[in-house]
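Undergrad: After the C-alpha cells below, expect a handful of questions from me.
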Amino acid sequence: MLICPNNHENLGGLSHCRVCGLPLLDLEAEFASLAKNMVNRAEMGHRAPRVLLVGLGTVGANLTHLCKTGYPNHSSEYSFLAIDADEAGISNGQKDVLHSTLETFIPTGGTFCGIGEVAIRSDAHLIPVFRRAGLNHKDDNQAAILIAGIGGGIGSAASVLVEKVRQLNPLCHVLALVVAPGEDESFHNHLNAYYALSHLLRRDSPRAADLTIALRYDRIKTVKGVGTGGQELTVNGLLASLSDLLMKNLPSQYLAEVLRVNQSLGIKLVIPCLALGRSLEIFGNLTNILESTIVFPANRISNQCVRVCHLILRTPSSQIASFREEAVNEHLWVFVKQHFPNVKAVTSYISRSDERHDRIEACLLLGGGSASSAIFSDGNSLARFRSELEKDLSWQTYGLNKDVVKLANEAIMQYDDAMETPESEKKVKRFKLDKSSLNQIRLPYKSTEVSNASFPQVPA
Amino acid sequence: MVNSVKRELARAKIRSWRDMRSGWLVVESDQIAIYRNKLIGGPQKLTQFNTDRLAGIELDEVKNSLRVIFHVPGEEPKDELFVLQGKTQTDTVISTLKDLLNELKARKKQEAEEAERLEKEYQEQLKLTRERFASEIWETSEILWLICKSDYAMVRAVIEANWDEARQQYSRIWQESDRLKQLSQIEITGALENLDGAVTSQNGQEIIQKAGDLIQQLSHRLLHYETNWPKWQNDQEMLAAVSPNYGHLSYFLLFSTVYFEMLLAAQIEDWASVNSTFPLIRSCSTILQSCFNLLFNGSLAATNSAIAKRNLTLLLDAARQIESAVGSVFQARPFKFETPSNQPKE
C-alpha cells in the first residue's frame, strides 16, 4: 500500500495516486538511494595521493594490477586506477574497489583509435572515478602516470585522459608511459600509436602529456631484468617494475626540474633504458650497470640524437657507501661523455630502498629522439606507413577522418623536425659541454632532498 | 423561546377540523392544542403543534376557514384547516397566531445573526491558526532546504580539499539544525556529533559518509514523525487539510536533497548520477507544485536540456532559476485549505 502526499491510500504498483493524481514515491527507498550515492562518493574525500597510476586499455589495466600486487608496500601516497573496455559485457558503471585499485569499464571499446577516443571521452563515469582515486583539486605535488599500450583502441586515447586529469588538477604533472606496437604488428596498431603519440606530443594542447616515456613492445622483449625476489622479469614484470620505479622515484620537485630541462630543449618524448635488478656482485660498479642500460634500450634512439639524459637510480640502503651523490655523478659524467656526444643536460635522482639484497635499479630517460623512431623500427617502415596514410582509406572504420589524420601527421612531423634542428640547439651552437659545465648541470638528488643546483643558462 | 412560561393566548371553538365537528382550539405560548368536546369528562386533548413550527396562516373568508401551516426543517410543510365558531373568535386566533409568527421570525433572525457572528469569529480564528501553522511549515521547509544546501556544499568543499569552506558549511548546518530543533523539535544532534569528529580531524572520507547519514537521520525523523508539535496538538483535526502540511515536509526534504545531489554531481562531472536524479526531481516538483504552490515554470525543461547536453554552464543557469523560484515561494509562503475531495485530479 502506498500513501500519496495527500494521504490517499493506493495499491502497490501504481505510479500516480488514483485520487489526486500526484506521483507516488517510496520515500524511504529514495532517501536510502541518495544516502548510498553519498557513500559511493566517500572515497573522493581521501587525502590526495602523491602519485596516481592509471592503466588504460588491456595492457595498462593489467600493468596497474601487476604493479599494485607485485609491489605491495604502498602507502596512501599512491593510488591506482584501471580503465578498460567492457569486453565481458558488463553494463557500464564502475566496479567496486578491488584491493584499493579502482576499476572502471568503458561500455563500448574499440580496436581503432578514433572509436576508442570517443568511448573514453563520452564515458560519464571517468571523472567521478578519477575523483575517487584522489584527483580532486589544485595540487602541484601530484603526478599522474598513465600507462597504455597505444597500439590498442582504448590505449590510444591516453591523451583524452591527460586532458581529464588536467581538468581536475591543472597543476598535476602528467606522464604517459606508452608501449608502442612491435614491428610485426598490423597497420591499424601503428596508426593507433601514431595518432596517440601525435596528441601526446602536440604543442600547446591540453591533451599533450608533460612527458611521454615511449617503449616498443618488440624491444622490451629483449630487455633483461631481475625482480625483487631474484626471478627473471617477464615483459609485464619489467613494465610493472619500471612503473614502480617511476612512481616511487620521481618526487614532484625532481619531476618539475626534469620537465623544465626538457621544455627548455623542446623535448616531450624520452626513451627509457633499463637496468633492473642489477646485482653489484655481478656488475661490480655503477659504470657497468649504466653500460648495461643502453645495450638493449626499450625503444629505438640514436646516441647522436640524445640531448638530455635523466638518471633515476634506486639502491639498497646497505650500498649507500658505493653510491654517494658525487660518485654517481662522476660515473654518469663519464658515461654520458662517452656515449651521448650531443647531450645538453643531465640530471640524476638517487633514492634508497630498504631491501637487503645488493640489486640496483637504474633507468635512463633519454630525450632528443624523434616521435616516429619511437614507433617505427627504421626509415623504411615509416615510409611504408606514410604511403599507406596517403591512400584513400576508409577512415570512418578507424573513427577518424582525413583532416584528423592530416593533423596527426603534421603534429608528429612538427615534433620530429624540432628534434632534428631544435631551436635551442641553434642558440647554443657555441655552448660546448665540458666537465666543468656538466658539474653545473647535474642535479644531485639524495632521497627527498632537493638540490638548489640549477640548469645551465643558455648563453645569449 | 421568548415566552418561557406556558400561558394561554387565545381560545376558539372549532366547528370543523379534519373529521371532528366540535372542539376547541387553544393557542398557548409554546403550542397550539386541539381539544374535542366529550359529553362525559369534559374536553379531551387530541393533539398539539409546536408554535416554533408555525410557518404561516391563510384565511379563506368565503368558506370562513383558517389554514395554519407548520414546517419542520428538513420536511415538507404541512397544513391544518380549521373552521372556527364566529368571526370574533376567528379574528382573535388569527391575531394571536400572527403575533406568534412575528415573534418567531424575529427570534430566528436573531439566532441566525448570532450563529453567523460566531461562525465568522471561528473562521477568523481558524484562518489565523492555519496561517501560523502554514508559516511554521514554511519555516521548517526553509531550514530543511538550507541544511541540505550546506550539507552538499560541505561535501563539495571536502572533495576539493577546501577545508575552510567545509568548516564554514558545517557551522551553518549546526546553526540551522539548532533553529530546527527550537521550531519543530526535530533533533539530529547525533548525526551532527558524528560529523563533528570527522570535520575536526579533517577526515574527508568520513565527512562525506556522515553527511549522507545526516540527511538519512533527518528523513527518518520526518517520515516517522519522531518529532512533536505541542503547539498544534489540539488543532490537528482543524489543520489536517492545510496545504503544505507536516506530511509534505518529507517531500520537501526529498526535493532539496535530490536537487543538491544533482548540483553536486554536475559540479564534480558525475553525469551518470546527474541523469539518475532528474526523474526524481521531476516527480518531486509535481508534488511541490501541488502542495507548496512552488512553480518551476521553464526551469525544469532547461535543466533537462542542460543535462542532455552535459553542459554545466547551462545547468547552473537552470539551477539558479530553480533556486530563485524556491526563494520566491519562501518569501510568499502561500498555503491553501481544501478537503481531499476538492483537490484537483491531474
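Undergrad: B:LYS98 - would you say it is over 30 Å from B:ILE32 (Cα atoms), in contact with a strand residue (DSSP E or B) (Cβ under 9 Å, 6 or more places away or on another chain) and surrounded by 11 or more Cβ atoms within 10 Å (Cβ to Cβ)?
TA: On the way: over 30 Å from B:ILE32 (Cα atoms): no; in contact with a strand residue (DSSP E or B) (Cβ under 9 Å, 6 or more places away or on another chain): yes; surrounded by 11 or more Cβ atoms within 10 Å (Cβ to Cβ): yes.
Judged against the criteria, B:LYS98 is not a match.
Undergrad: Here's another thing I want to ask about it. Which one of the conditions (1) more than 14 Å from chain B (Cβ to nearest Cβ); (2) at pLDDT below 90; (3) outside any loop (DSSP other than H, G, I, E, B) does A:SER75 fail to meet, given that it meets all the rest?
TA: Answer for A:SER75: the failing condition is (3).
Undergrad: In addition: Could we say that A:SER33 is touching a Pro at 6+ places or on another chain (Cβ under 8 Å) and open to solvent by 20 Å² or more (accessible area, probe 1.4 Å) here?
TA: no
Undergrad: What are the residues in region A:247-290 that are open to solvent by less than 10 Å² (accessible area, probe 1.4 Å) and in contact with a Pro (Cβ under 9 Å, 6 or more places away or on another chain), if any?
TA: Once the filter is applied, which keeps residues that are open to solvent by less than 10 Å² (accessible area, probe 1.4 Å) and in contact with a Pro (Cβ under 9 Å, 6 or more places away or on another chain), region A:247-290 yields A:ILE267, A:ILE271, A:PRO272, A:CYS273, A:LEU274.
Undergrad: Could you list all residues from region A:12-23 that are out of contact with any His (no Cβ under 9 Å at 6 or more places or on another chain), more than 7 Å from chain B (Cβ to nearest Cβ) and either over 25 Å from B:VAL274 (Cβ atoms) or touching a residue at least 24 places away in the same chain (Cβ under 8 Å) (or both)?
TA: A:GLY12, A:GLY13, A:LEU14 - these are the residues of region A:12-23 that are out of contact with any His (no Cβ under 9 Å at 6 or more places or on another chain), more than 7 Å from chain B (Cβ to nearest Cβ) and either over 25 Å from B:VAL274 (Cβ atoms) or touching a residue at least 24 places away in the same chain (Cβ under 8 Å) (or both).
Undergrad: Among the residues of region A:158-201, count how many are in a loop (DSSP other than H, G, I, E, B) and either without any contact (Cβ under 8 Å) to a residue 40 or more places away in the chain or farther than 25 Å from A:SER394 by Cβ (or both).
TA: 8
Undergrad: Just to be sure I understand, how many residues within region B:269-325 are open to solvent by less than 30 Å² (accessible area, probe 1.4 Å) and not hydroxyl-bearing (Ser, Thr, Tyr)?
TA: Matching residues across region B:269-325 total 21.
Undergrad: Which one is modelled with the lowest pLDDT among residues in region B:326-343 that are open to solvent by 90 Å² or more (accessible area, probe 1.4 Å) and within 14 Å of chain A (Cβ to nearest Cβ)?
TA: Here the answer is B:ASN342.
Undergrad: Do you know which residues across region A:363-374 are part of a helix (DSSP H, G or I) and in contact with an Asp or Glu (Cβ under 9 Å, 6 or more places away or on another chain)? Break it down into steps so the answer makes sense when it comes.
TA: Let us first name the residues in region A:363-374 that are part of a helix (DSSP H, G or I), namely A:371-374.
Selection gives A:ALA371, A:SER372, A:SER373.
Undergrad: Just to be sure I understand, how many residues within region B:151-205 are exposed (fewer than 15 other Cβ atoms within 10 Å of the Cβ) and of a type in the set (Val, Ile, Thr)?
TA: 2
Undergrad: So which residues in region A:24-68 are more than 7 Å from every other protein chain (Cβ to nearest Cβ), more than 28 Å from A:GLU163 (Cα to Cα) and not in a loop (DSSP other than H, G, I, E, B), if there are any at all?
TA: Correct list: A:ALA29, A:ALA32, A:SER33, A:LYS36.
Undergrad: Considering each residue of region B:38-63, count those that are open to solvent by less than 60 Å² (accessible area, probe 1.4 Å) and under 20 Å from B:THR92 (Cβ atoms), and give that number.
TA: Matching residues across region B:38-63 total 6.
Undergrad: Can you name the residue in region A:222-234 that is under 25 Å from A:VAL306 (Cα atoms) and out of contact with any Ser or Thr (no Cβ under 8 Å at 6 or more places or on another chain) and, of all such residues, is least open to solvent (accessible area, probe 1.4 Å)?
TA: Residue satisfying both the conditions and the ranking: A:VAL223.
The values are calculated or read from the model by the stated rules, or taken from the named source; none is laboratory data. Treat the numbers as computed from the prediction; the structure is a model and nothing was measured. Neighbour counts run over all protein chains shown; Cβ positions are idealised from the backbone, glycine included. Ligands, DNA and RNA are stripped out before the accessible areas are found, and what is left, the full protein with its side chains, is counted by its heavy atoms. Shrake-Rupley method; radii C 1.70, N 1.55, O 1.52, S 1.80 Å.
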